[in-house]
1. Scan the stretch 87-117 for residues that are more than 16 Å from Gly452 (Cα to Cα) and surrounded by 15 or more Cβ atoms within 10 Å (Cβ to Cβ) and jot them down.
2. What are the residue pairs meeting all of these: first residue in the stretch 98-111, first residue in the same structural domain as Met130 (by the TED database), second residue surrounded by fewer than 17 Cβ atoms within 10 Å (Cβ to Cβ) and acidic (Asp, Glu), Cβ atoms under 9 Å, and 6 or more apart or on different chains?
3. Filter the strands (runs of 3 or more DSSP E) completely within the stretch 8-83 down to those with at least 2 residues that are in contact with a Lys or Arg (Cβ under 9 Å, 6 or more places away or on another chain).
4. Looking at the stretch 55-69, I want the residues that are assigned by the TED database to the domain that holds Thr39 and among the aliphatic types (A, V, I, L, M) and have a partner that is surrounded by 12 or more Cβ atoms within 10 Å (Cβ to Cβ) and part of a strand (DSSP E or B) with Cβ atoms under 8 Å, at least 6 apart or on another chain. Which pairs are those?
5. Restricting to the stretch 516-534, give me the number of residues that are crowded, with 24+ Cβ neighbours inside 10 Å and either assigned to a strand (DSSP E or B) or outside the structural domain of Ser603 (by the TED database) (or both).
6. Checking Val33 against (1) crowded, with 22+ Cβ neighbours inside 10 Å; (2) free of Cβ contacts under 8 Å to residues at least 60 places away in the same chain; (3) farther than 24 Å from Lys5 by Cα, which test does it fail?
Amino acid sequence: MEKNKPSLLIEQLVLVGKRKNYVIRFTQGVNIVYGDSTTGKSSVLECINYLLGSSKFVYDREIELSVRFIMMEVRLNSLPYVIKRDIFKPNEPIEVYTGELNSIELTFPKKLTPNFGLPESGDGFFSDFMMTALNIPNIKMRQSPSKVDSAMVRLSFRDVFKYCYLKQDDVGSKALLGGNNYVVATKNKQTFKYLFNLLDTNVSDAQGDLSSLVKRRDSQKEKYDVVSDFLRETEFKSESELADAHDVVALQEESLRQQLNTINAAMIAGSESYSFLKETLLEISARISLMEKDGAASERAVDRYVRLRNDYQTDIEKLKSIRTSKSVIGEQSDSFSCPLCDSTVNLENIKAEFSIDGGDRAAQEANVLVKRVRDLKDLIQREQDKQVMLTSELKLLNEDRDRARRLLDDETKEMITPYLSERDGLSAELAKLGESRKQLHQAIKVRNQQKGILAEIVTLDERIAGMQEKLETLRAAAPSLEGVLSKIGDFLSAYLHRVRIKDQRDVSISKRSLLPVLRSRDYSDITSGGLRTILSIGFYLSLLETAIDSSCNLPTFLMVDTVGKYLGKTQKQYVETNTTEDRREEVSDPNKYLNMYSYMFSSADRAEKKGVSAQIIVVDNDVPPTIQTQFGDSIVAHFSSEGIDDLPKGLIDDAHVLTY
């Protein structure tokens, strides 16, 4: 790979979860994450952004309930690092491990302060670490470039990263890179000049950075000598000796675990009578459980019958009272005078006309209820007899179960006694080996720390050589603003030609805003949101192309969230556009969409041919079918909210198990 170019290459993102880990792997070149809305696509880029020092991470409910912290394996100028951060504590130090993800347990992390607004930790600021790791100058700039007495402000890695990450809200936005916000836009323009070595102080900044690198290298050499002397005087084992000892302990642990498993298996399976007694005990317990259920059901039946019998007896008493009252009152007269009209009323005629039974209905009802009470008494007696029988059988079964348990305990004691002392000895030996392994683990960390200091010295030597070469180049021929803008404009023109927009003319980069110009109109004056989307993505790709070709301070890394914004590929939630202009520009033409993706792949291919490590990560709702077919390997994640074709339903692919 070409040296003296800052490169940032993400290899994998890991969301360490409560139920499982959620992993996405990336490669050099173009990486695509796409799928339905609300599946967590944008969260992939936001996780990366947060791990690279963003002050906040707006997470979804699924992430809040499922994830503990996030990690990322990344290569900075080809050197491997692992960055780890707590998503719920943005002000806590960011942990950075030197090495790959599978070896972080053998290294001590640097704990870096996430932003300049917090007290500096012993290991420094995360921004300074990133700038140093990418071998780009760590400088201060004038807050107001036009004022000689302007306050100086630190340029941070977050300022640099604005030109590496085109967020969803910024794609096609009129407020791209600050827009009409004078303070933000001014800072971003100064950052732009820094990225392409256009500041008036570039030579002095490079000299200052070179001096800092030399001082840091000398400090690390002194630190390495002190550590080496201490380890030598204390007769600390060498790295190879520690590794060999660790391997021996690991093998011994594995051997002892196998012996312990063998003993445990022998203790369980070594006796036929043990197995027979265990099966008998299980059978008796099952019968007891079944009888207890029958007994409970019988008790419930008796309770129902008794309550019903009591209700019937109450009704019988009421009917008896009615009969008693009737006998006291006496028999009714067959005829009587009507109290209204004084005419004679004959009851016999009325009973015949309305079919009224003249019999003793109360007595009949009472007889029926008495019969039912007798039947209920029989049912109650039957259930009570059943309970007596169940109680007797349960008593016998419980005695059998207790006897089986005693026999099983005796058999177990007789069977395991020969193994107990051996197993206890193995367990004690395993505990000792575990402690030895922990001590060796810690010792290896110490040796790796020493090794890391030496590796940093070598890296600093390389960076010093690169900075000296860069300084000589700046002294010989410092780049001009016109030359850099012309080069970026040429790449933008080639991109627009590839996309095939209508009326492609007067393409350039404005010296005033440092943003695209098309048809002699500034980017912010273009009313078609779709055309601004094409231009904003093209502008960032042109910056990447320029970084691939030039010696500058911009990492060859780009993230774009939602390529299809304003291009008919997203919902209508974006309103910063003129739909009439969008139709006139034909921004929904699928060929334009396809050509934008094709250009990204051609940019990545060109970087690879030049030996430059470049990476583009794209998030979108959809991907052109041609891209899916030709570059299927570049699709690193595909989500479906309905789980169609067994696709994961989102970044948190088991969110369906959550209860809200």
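The values are calculated or read from the model by the stated rules, or taken from the named source; none is laboratory data. No experiment lies behind these values; they were computed from the predicted model shown. Cβ coordinates were reconstructed from backbone atoms using ideal geometry, including for glycine residues, and neighbour counts include every protein chain displayed.
1. Of everything in the stretch 87-117, those that are more than 16 Å from Gly452 (Cα to Cα) and surrounded by 15 or more Cβ atoms within 10 Å (Cβ to Cβ) turn out to be Ile87, Pro90, Pro93, Ile94, Leu112, Thr113, Pro114, Asn115.
2. Lys111/Glu92
3. Working: elements: 8-17, 21-25, 29-35, 67-76.
By residue number, 8-17, 29-35, 67-76.
4. Ile63/Leu15; Val67/Leu15; Val67/Val16; Val67/Gly17; Val67/Tyr22
5. 2
6. (2)
Every residue, every condition in (1) at pLDDT 85 or above; (2) in contact with a helix residue (DSSP H, G or I) (Cβ under 9 Å, 6 or more places away or on another chain), yes or no:
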site	(1), (2)
Ser238	no, yes
Asn264	no, yes
Ala269	no, yes
Leu290	yes, no
Leu308	yes, yes
Ser325	no, no
Phe336	no, yes
Leu340	no, no
Ser343	no, no
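Each row is one residue, and each column tells you yes or no for (1) touching a residue at least 60 places away in the same chain (Cβ under 8 Å); (2) of a type in the set (A, V, I, L, M); (3) farther than 15 Å from Asn31 by Cβ.
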{"position": "Arg606", "(1), (2), (3)": "yes, no, yes"}
{"position": "Val612", "(1), (2), (3)": "yes, yes, yes"}
{"position": "Asn621", "(1), (2), (3)": "yes, no, yes"}
{"position": "Ala637", "(1), (2), (3)": "yes, yes, no"}
{"position": "Ser641", "(1), (2), (3)": "yes, no, yes"}
